[in-house]
Amino acid sequence: MTTRAELLARATRCLADAGVPGAERDARLILRWAGGLSGAALQVSLSEVPRAEEMDRFEQGVAARASRRPLSHITGTRAFWGREFLVTPDVLDPRPETEVLVAEALREHASRVLDLGTGSGCILLSLLAEWQDATGVGLDNSAAALKIAGQNAKELGLQDRMELIHGDWSLIPSEPFDLIVSNPPYLSAREWEQAQPELNYEPAGALSPGKDGLEAYHALIAPAFEALRPHGRLILEIGASQADSVLKIMMKYFEGDAAVIRDLDGRDRVVRARKADNS
């Protein structure tokens, strides 16, 4: 009879052979998912033989991951900023580097927040969960994505503090916000062609606008500026080579108070700017 430890070793080799980054980690997470186990429960039960249904579920999950389907699409959730978010192929898989944006946003309290291209809602909901008195709006042009964001809001008990709007950048509300955040599509056409195969399972429109990847910044920065109250902040995730280009667009509207924040790997990841008093 095959134990969980033997299953784990076999799956790790399979995923490594398929070129999956972090093969052992993903094999463990799939095994936990298949058996409904916590990390501690898995560790103390590695010598046990799993039930037939657990083994079948595990093998299906490993086969899907070996085909480079994102792990979150297999397990249905992704951990982000200490919480679990429902994830489907209709939304971007929340990535650890996007937590840099959340950390920067949390440096200063905001009562009213707008999230442009909210997707799963992971950014906005993480902020609302930290700020108990804050409310926010999530805008997205995908009705399917907004459905997932709404489910995540309900799971976190935040649905009463989050409004969802279906539409593109032209529908940015004109009310004054303290904070506007966005992780817009920013992969250039070339980067999209060279991207990891996992991205083929995610919504292309949320990842790349084509060409130089700057289209979304040209479209959203001006209306976002108008929607900010004086001293309000705009915080955007960017591609690692886009800081200068995005700052140049920002400086057409914001008066000098701008900065670039790097991620843990030392890559430019976020730009932020503040609206002046007299804007």
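The values are calculated or read from the model by the stated rules, or taken from the named source; none is laboratory data. None of the values given here were measured: they were computed from a predicted structure. Cβ coordinates were reconstructed from backbone atoms using ideal geometry, including for glycine residues, and neighbour counts include every protein chain displayed. Accessible surface areas use protein heavy atoms only, side chains included; no ligands, DNA or RNA. Shrake-Rupley method; radii C 1.70, N 1.55, O 1.52, S 1.80 Å.
Among the residues of region 189-203, which ones are part of a loop (DSSP other than H, G, I, E, B), open to solvent by less than 70 Å² (accessible area, probe 1.4 Å) and in contact with a Pro (Cβ under 9 Å, 6 or more places away or on another chain)? Even if it seems obvious, please write down each step before you answer.
Within region 189-203, the first condition is being part of a loop (DSSP other than H, G, I, E, B), and the residues that meet it are 194-196, 202-203.
Next, from what is left, pick out any that are open to solvent by less than 70 Å² (accessible area, probe 1.4 Å): 195, 202-203.
Listed by number, the residues that qualify are GLU202, PRO203.
So which residues in region 137-179 are surrounded by 14 or more Cβ atoms within 10 Å (Cβ to Cβ), over 18 Å from the mean Cα position of the chain (by Cα) and assigned to a helix (DSSP H, G or I)?
Scanning region 137-179 gives GLN159, ARG161, TRP169.
Among (1) surrounded by fewer than 19 Cβ atoms within 10 Å (Cβ to Cβ); (2) charged (D, E, K, R); (3) touching a residue at least 12 places away in the same chain (Cβ under 8 Å); (4) closer than 23 Å to GLN196 by Cβ, where does ARG25 come up short?
(3)
Just for strands (runs of 3 or more DSSP E) wholly inside region 63-132: which have at least 2 residues that are more than 21 Å from TYR217 (Cα to Cα) and open to solvent by 50 Å² or more (accessible area, probe 1.4 Å)?
Details: elements: 77-80, 83-86, 112-116.
Those strands (runs of 3 or more DSSP E) span 77-80, 83-86.
Output the qualifying pairs, or none if there are none: Cβ atoms under 9 angstrom, residues six or more apart or on different chains, first residue in region 190-215 and at pLDDT 85 or above and among the polar types (S, T, N, Q), second residue open to solvent by 40 Å² or more (accessible area, probe 1.4 Å) and not in a helix (DSSP H, G or I).
Pairs that qualify, where the first residue is at pLDDT 85 or above and among the polar types (S, T, N, Q) and the partner is open to solvent by 40 Å² or more (accessible area, probe 1.4 Å) and not in a helix (DSSP H, G or I), are GLN196/PRO21.
Can you say whether ILE221 is more than 30 Å from GLY76 (Cα to Cα), of a type in the set (A, V, I, L, M, F, W, C) and in contact (Cβ under 8 Å) with a residue 60 or more places away in the chain, as far as the supplied structure shows? First the steps, then the outcome.
Details: more than 30 Å from GLY76 (Cα to Cα): yes; of a type in the set (A, V, I, L, M, F, W, C): yes; in contact (Cβ under 8 Å) with a residue 60 or more places away in the chain: no.
Against the criterion (more than 30 Å from GLY76 (Cα to Cα), of a type in the set (A, V, I, L, M, F, W, C) and in contact (Cβ under 8 Å) with a residue 60 or more places away in the chain), ILE221 does not qualify.
Find all pairs meeting these conditions: Cβ atoms under 6 angstrom apart; at least six residues apart or on different chains; first residue within region 110-133 and under 12 Å from ASN152 (Cα atoms); second residue open to solvent by less than 10 Å² (accessible area, probe 1.4 Å) and of a type in the set (Phe, Trp, Tyr).
SER120/PHE85; CYS122/PHE80; CYS122/PHE85
Restricting the first residue to region 250-267 and requiring it to be more than 15 Å from ILE221 (Cα to Cα), which pairs with a second residue that is in a loop (DSSP other than H, G, I, E, B) meet a Cβ separation below 7 Å and a spacing of at least six or different chains?
Pairs found: ARG267/ALA240.
Do the conditions hold for GLY119, that is, is it on the phi > 0 side of the Ramachandran plot and touching a helix residue (DSSP H, G or I) at 6+ places or on another chain (Cβ under 7 Å)? Even if it seems obvious, please write down each step before you answer.
Working: on the phi > 0 side of the Ramachandran plot: yes; touching a helix residue (DSSP H, G or I) at 6+ places or on another chain (Cβ under 7 Å): yes.
Yes, satisfied.
Criterion first (closer than 19 Å to THR98 by Cβ, open to solvent by 10 Å² or more (accessible area, probe 1.4 Å) and among the polar types (S, T, N, Q)) does SER182 satisfy it?
no
Given (1) open to solvent by 20 Å² or more (accessible area, probe 1.4 Å); (2) under 26 Å from the mean Cα position of the chain (by Cα), where does MET55 come up short, assuming only one miss?
Only one criterion in (1) open to solvent by 20 Å² or more (accessible area, probe 1.4 Å); (2) under 26 Å from the mean Cα position of the chain (by Cα) is unmet by MET55, namely (2).
Given the conditions (1) closer than 30 Å to GLY157 by Cβ; (2) surrounded by fewer than 19 Cβ atoms within 10 Å (Cβ to Cβ), which single one is not true for ALA34?
The single condition ALA34 does not satisfy is (2).
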